[in-house]
1. Scan the stretch 236-260 for residues that are closer than 18 Å to E211 by Cα and either assigned by TED's automatic domain parsing to the domain that holds E342 or free of Cβ contacts under 8 Å to residues at least 12 places away in the same chain (or both) and report the count.
2. For the condition surrounded by fewer than 13 Cβ atoms within 10 Å (Cβ to Cβ) and either over 15 Å from D155 (Cα atoms) or not assigned by TED's automatic domain parsing to the domain that holds P157 (or both), what is the one hit in G75, G67?
3. Go through E308, E280, E276, E245 for me and flag whichever is among the acidic types (D, E), surrounded by fewer than 16 Cβ atoms within 10 Å (Cβ to Cβ) and not in a loop (DSSP other than H, G, I, E, B).
4. If you go through the stretch 248-273, how many residues are aliphatic (A, V, I, L, M), assigned to a loop (DSSP other than H, G, I, E, B) and touching a strand residue (DSSP E or B) at 6+ places or on another chain (Cβ under 8 Å)?
5. How many of the residues making up the stretch 394-441 are at pLDDT 95 or above, of a type outside the set (V, I, T) and in a helix (DSSP H, G or I)?
6. Mind listing just one residue for me: the one in the stretch 109-133 that is out of contact with any helix residue (DSSP H, G or I) (no Cβ under 9 Å at 6 or more places or on another chain) and in a strand (DSSP E or B) and, of those, farthest from L80 (Cα to Cα)?
7. Read through the list (1) modelled with pLDDT of 90 or more; (2) hydroxyl-bearing (S, T, Y); (3) surrounded by fewer than 18 Cβ atoms within 10 Å (Cβ to Cβ), then give the number of the only condition that T200 fails.
8. Quick check on my filter: what residues within the stretch 158-182 are assigned to a loop (DSSP other than H, G, I, E, B) and either modelled with pLDDT of 95 or more or of a type in the set (D, E, K, R) (or both)?
Amino acid sequence: MKTMAKPENRPQTTPAWAQKVTLAVIGLALPNGIAVAGSSFEEDPINYLTAPANDPVARLQKRIDRGDVEFDHDGRHGYLPAVLEAMNVPQSAQVMVFSKTSFQRDNITPATPRAIYFSDDVYVGWVQGGDVVEVSAVEPQLGAIFYSLDQRKVDKPAFLRQNDQCLQCHASALTRGIPGHVVRSVFPNRDGLPLLQSGTHRTNHTSPLKERWGGWYVTGTHGKQRHMGNVFVEDKADPTKLDLEAGANVTDLSGKFDVSPYLVPHSDIVALMVLEHQVEMHNLFTHANYSTRTALRDQAVIDNMVEEPQEGLRPSTKARIKSAGEKLVEYLLYAEEEPLTEPINGTSGFAEEFAKRGPRDPQGRSLRDLDMTTRMFKYPCSYLIYSEAFDNLPDEMKKYVYGRLWEILNGLDESDDYDHLTRGDRREIREILIATKTDLPDYWKA
């Protein structure tokens, strides 16, 4: 491959990923400004496998190693209660999945479902008789990082990072090709086996309720709305034919299996809905982060090849940032959220505990205030705008997102994508953000 002559102070060798960018720039047209760069997240600039992690689990492990934290070992649950306490993960967030869709699938059945707990940036999985507690956390620059904690009692527990086995599912088309999380709805038989030939649903706040929670237990009331939880495939000739009435408005799981081994006897419907929202939100943060850093890397390669480097961002770089940023903004503002037709109420107290976590503006309003009558949240802008993953987006992406939010919340963008936001919604969200988000650009506060 022939390239342009380079000054002596420029590198004479080109990494494999840079060669792909070079080929795209020299030999191929760039449709819609998108560079044809084939690098993966295991390479520069992400370096997922080798870059040091600074997520809540990694920080906790440092405290354990220093002797600042001692973990109690529960004879029934192992280290699970200690992990939840150390990570500030509420027990009320417990949801239960009985489909065999985890690497500990052999121990998961409808009689022994897997329990999942979560906070804003940590996910914890526990299986009866399991060898490990499964833990994952959202690292601001790397995305989802997966760990296991051996359940055998030791002096200093160690969270071990897992890659290959977890990434088979957690870095696939289900997660936009980045290390992330996913909530899936399947058609399960009475053994908990998902009948994959019937398809699956990857669910979030845009999904119809009738497609959600197949293979999950669900506790709570939701009126005449129906979901796929709490039931099994009975007709092998037509696995998609589920008795949704049998799984509706269940508030007590004790008649379905022995709930006594679990920390709480709930699989709260509100917790499930919040979980679905934030899983996809975190994936979009990671996708936007990766896209921006890769676009900036590719521009640097191009600038290194030409005699007159571009001042500022190239049109192709701007297009890539815009593409990822628009998806992020739409989801952040709950565009295409599936409307609720009747009130939804959980059973575990999760809704009340979740809302208390703030922050709140001087009028007492919070983006964590739930609605659960016609939509999930009273003020439809994701509470994860306060997360480390958002705060650590590249400057170019944050600049784009804040600019678009300002346009939308001030009524400068009245496109159909945001017609779910009334003038009152836009004003209240803007006021809450100005009062509670400390890193807003100056033009927000003028």
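1. Selection size over the stretch 236-260: 2.
2. Criteria check complete, one pass: G75.
3. E245
4. Qualifying residue count for the region: 3.
5. 24
6. Filtering the stretch 109-133 for residues that are out of contact with any helix residue (DSSP H, G or I) (no Cβ under 9 Å at 6 or more places or on another chain) and in a strand (DSSP E or B), the one farthest from L80 (Cα to Cα) comes out as T109.
7. It is condition (3) that T200 fails.
8. A158, R176
The values are calculated or read from the model by the stated rules, or taken from the named source; none is laboratory data. Computed from a prediction, not measured in an experiment: that's the story for all the values here. Every residue, glycine among them, receives a Cβ derived from its backbone with ideal geometry; neighbour counts consider all protein chains shown.
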